[in-house]
Amino acid sequence: MRWKRAWIGGLLATVLFAGSVGACSSGDQGGSDGRGPLTLVASADPTGYTRGVVAEWNRTHPAEKVTLLQFPWAADEARAQMASSLRSGSDRFDVLDLDVAWTGEFAAAGWLAPLDADRFPIKEFLPPVVETATLDGQLYAVPYITNAGMLYYRKDILDRAGERPPRTWAELERLAKTVAPEYGLQGYAGQFLPYEGLTVNATEAVQSAGGSFLSGDGTRVTVDPEKTREALAFLADGVRDGWIPREALTYKEEESRKAFQDGRLLFLRNWAYVYPLASGEDSKVAGKFDVAPLPGLNEPAVGVLGGSNLAINANSPHKASAADLLAYLTSEKVQRRMLTEGGLAPVRADIYEDPSLVSRFPYLPTLRDSVLAAQPRPKSPQYEQVSSAIQAVVHDTLAQRETPEDAVERLTRELNAIVDGG
């Protein structure tokens, strides 16, 4: 999941324009050679990085100008809005900035144009990210932004307490129960509101206990009762015992980021975008925190691969221009700007080994290791239903409305119904 997956209902009412949009779609202009103006739909970017790189493209491609549509914060409504447009056969959006979890679903529906892998520098990308852009061996998108969750922690507090960042759940629980209250802090938070972020947090927990929800191709339910129960109990017991604040059940990325940045949390699970914001002048924890790999059951966690892929609408009349835009946005120059101006995690492997960038962004080695250890979410044609089921069951468990044992039975039953029902 991309850190700022920003979608909300009311597409026409809420869209923010980075440039003026005419009354016609891009398909109403240009020639028949696959070239012409484009519309790129992407998530919100408060740093302005995206608008800057699009403006540079427009200066050098006057006949293929890009109109950038950006949406405000929120996650799940986005998929529905985009799916509705694509299902109708609309060519309004030429290039789609998709959460990595949606790419397989959209490709299976026939909404994305297949891509020539030789056209793009995918051999220069971090290996796990390429898998998120393929279906049955065919490339349907180009990895654009990657991500993996990291553990943000108050280094100043742990140093004063003579402690090191936790590597296991037991260590995290101990520190959140003992050190946090001693210094007037809450223990630990992730993203526990019932939305896509909760699916990610739950998947990380289950994977880190050695389990999974579905097979890699999404065709079989693979819930292991004991491993899944252990993962859900870890989170639910944290809420019950208070080292996970109950307020965290309302947190998405931004709410949790602000809680940590305002100095209320000892530990936070979140994406890489938090680092530069928490280091800013208005942050109460600037210079006082660091990052580590997420802890797991008995060793560092098996995370969930986040980020976004760039895809081309199968109905776009300007696929040649769209392919050039994809190549531009994944070029080394733009990928570096993505990091230095946008605070986003690039997909190109060499950027993580640049000493000047590591000096400026010291979390890069931890982020790279987290990405390399992470696993993608299942490429299920029914991904929206699968994710909704996980969210509902896990949130009820965290809210103490359902025991972990009952949650495992319910989750297995609901996922089997989704997979068997197609």
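The values are calculated or read from the model by the stated rules, or taken from the named source; none is laboratory data. Since we're looking at a predicted model, the values are computed, not measured. Ideal geometry is used to build each Cβ from the backbone, glycine not excepted, and the neighbour counts take in all protein chains shown. Quick note on the areas: whole protein, heavy atoms, side chains included, nothing else; ligands and nucleic acids left out. Shrake-Rupley method; radii C 1.70, N 1.55, O 1.52, S 1.80 Å.
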Next on the checklist: Looking at region 255-274, can you tell me whether even one residue there is over 17 Å from residue 185 (Cβ atoms), surrounded by fewer than 24 Cβ atoms within 10 Å (Cβ to Cβ), in contact with a Ser or Thr (Cβ under 8 Å, 6 or more places away or on another chain) and not β-branched (Val, Ile, Thr)?
Outcome noted: no
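Can you tell me which residues in region 244-262 are closer than 25 Å to residue 385 by Cβ and part of a helix (DSSP H, G or I)?
Within region 244-262, 249, 250, 253 qualify.
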Item to check | The one condition in (1) touching a Gly at 6+ places or on another chain (Cβ under 9 Å); (2) open to solvent by 50 Å² or more (accessible area, probe 1.4 Å) that residue 91 fails to fulfil | outcome: (2)
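Here is a yes/no grid of residues against (1) modelled with pLDDT of 95 or more; (2) part of a helix (DSSP H, G or I); (3) acidic (Asp, Glu); (4) more than 20 Å from the chain's Cα centre (by Cα):
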residue: 42; (1), (2), (3), (4): no, no, no, no
residue: 67; (1), (2), (3), (4): yes, no, no, yes
residue: 79; (1), (2), (3), (4): no, yes, no, no
residue: 105; (1), (2), (3), (4): no, yes, yes, no
residue: 115; (1), (2), (3), (4): yes, no, no, yes
residue: 130; (1), (2), (3), (4): no, yes, no, no
Checklist entry - Could you say which residue among 311, 374, 272 is in contact (Cβ under 8 Å) with a residue 12 or more places away in the chain, more than 21 Å from residue 149 (Cα to Cα) and within 17 Å of the chain's Cα centre (by Cα)? => result 311
Next on the checklist: Cβ-Cβ under 8 Å, sequence separation 6+ or interchain: first residue in region 156-183 and without any contact (Cβ under 8 Å) to a residue 60 or more places away in the chain, partner open to solvent by 20 Å² or more (accessible area, probe 1.4 Å) and hydroxyl-bearing (Ser, Thr, Tyr). Which pairs?
Outcome noted: 160/183; 161/183
Next on the checklist: I'd like to verify a number: residues in region 331-347 that are in contact with a Leu (Cβ under 8 Å, 6 or more places away or on another chain) and either small (Gly, Ala, Ser) or in contact (Cβ under 8 Å) with a residue 40 or more places away in the chain (or both), how many?
Outcome noted: 5
Checklist outcome for this item: So the helices (runs of 4 or more DSSP H) completely within region 301-419 holding 1 or more residues that are modelled with pLDDT under 95 and open to solvent by 20 Å² or more (accessible area, probe 1.4 Å) are 332-342, 355-360, 364-373, 383-398
